[in-house]
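The values are calculated or read from the model by the stated rules, or taken from the named source; none is laboratory data. Treat the numbers as computed from the prediction; the structure is a model and nothing was measured. With ideal geometry, Cβ positions are generated from the backbone for all residues, glycine too; neighbour counts draw on all protein chains shown. Side chains included, ligands, DNA and RNA excluded: accessible areas come from the protein's heavy atoms. Shrake-Rupley method; radii C 1.70, N 1.55, O 1.52, S 1.80 Å.
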Amino acid sequence: MKKFLVLLGIALSFTFCSVNFAYSEESYELLEITNEIGTLIAVDEKYDEGLAKCNEALKKYPDSAELYSWRATVLNRKGKNMEALADIDKAIELDPEDLSYHVTRGSCMFDLGNTSAALEECNYVISKDPNDSTAYALRAVIRMQRMDLSGASEDLDRVNKLLDEEIKNMK
């Protein structure tokens, strides 16, 4: 499930960046770095290399919310959940409007055993964007753990409908 969420995040990040940025040399370099980090983490599962690349890039781009988000993802995968939470909180501080960071925060909270806070993050994202399939997917996992199978089933149905719509829109 996490790999799916990360891959979806890469795709959405690339789509957003390619459509909405007037590229400067610096923003293009940052886009290349984040795509490389995403590939290392999500596709190749080379977490140590991804972490090193994040740390190196953050020296040059200390105000990049996306880099903090990627580093949080790596740290979370490595079981360093408190460090991951600190990084995703920094990403949210830098870019509070990016809802994907709130989903990542929810995932960190879930991994820390705080399902209430994780559920709050999911509900926040869904309230802002009722078409965010990753928030519904995470909420379904939380609901399953809480034995709310009816709620989990509703969320998974919603995820399937949203992904079907995305696929139709790609054609």
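Checking each residue in region 99-141 for being closer than 19 Å to residue 77 by Cβ and among the hydroxyl-bearing types (Ser, Thr, Tyr) picks out 100, 101, 104, 107, 134.
Before we move on, is residue 67 at pLDDT 85 or above and crowded, with 17+ Cβ neighbours inside 10 Å? For residue 67, the condition - at pLDDT 85 or above and crowded, with 17+ Cβ neighbours inside 10 Å - is met. The conditions of being buried (at least 17 other Cβ atoms within 10 Å of the Cβ) and either of a type in the set (D, E, K, R) or at pLDDT 95 or above (or both) are met by residue 90.
With respect to the conditions (1) in contact with a Cys (Cβ under 9 Å, 6 or more places away or on another chain); (2) modelled with pLDDT of 80 or more, residue 27 lacks only one, and its number is (2). Among the residues making up region 124-140, those that are assigned to a helix (DSSP H, G or I) and within 15 Å of the chain's Cα centre (by Cα) are 124, 125, 126, 133, 134, 135, 136, 137, 138, 139. Condition check for residue 100 on (1) part of a helix (DSSP H, G or I); (2) open to solvent by 20 Å² or more (accessible area, probe 1.4 Å); (3) modelled with pLDDT of 95 or more: one failure, at (3). With the requirement that a residue be in contact with an Asp or Glu (Cβ under 9 Å, 6 or more places away or on another chain), more than 23 Å from residue 27 (Cβ to Cβ) and assigned to a helix (DSSP H, G or I), what does region 49-84 give you? Passing the criteria: 75, 76, 77, 81, 84. Based on what the data block shows, is residue 156 closer than 28 Å to residue 36 by Cα and in a helix (DSSP H, G or I)? It is false that residue 156 is closer than 28 Å to residue 36 by Cα and in a helix (DSSP H, G or I).
Residues that are under 13 Å from residue 65 (Cα atoms), open to solvent by less than 60 Å² (accessible area, probe 1.4 Å) and of a type in the set (Val, Ile, Thr) are absent from region 106-128. Quick one: would you say residue 139 is farther than 30 Å from residue 61 by Cα and either surrounded by 15 or more Cβ atoms within 10 Å (Cβ to Cβ) or out of contact with any Pro (no Cβ under 6 Å at 6 or more places or on another chain) (or both)? When the stated conditions are applied, residue 139 passes them.
Here residue 44 fits the description: farther than 21 Å from residue 89 by Cα and modelled with pLDDT under 85.
Of all residues in region 142-153, those being open to solvent by less than 90 Å² (accessible area, probe 1.4 Å) and part of a helix (DSSP H, G or I) number 7. Determine whether residue 116 is in contact (Cβ under 8 Å) with a residue 12 or more places away in the chain, within 22 Å of residue 83 (Cβ to Cβ) and in a helix (DSSP H, G or I). No: the conditions fail for residue 116.
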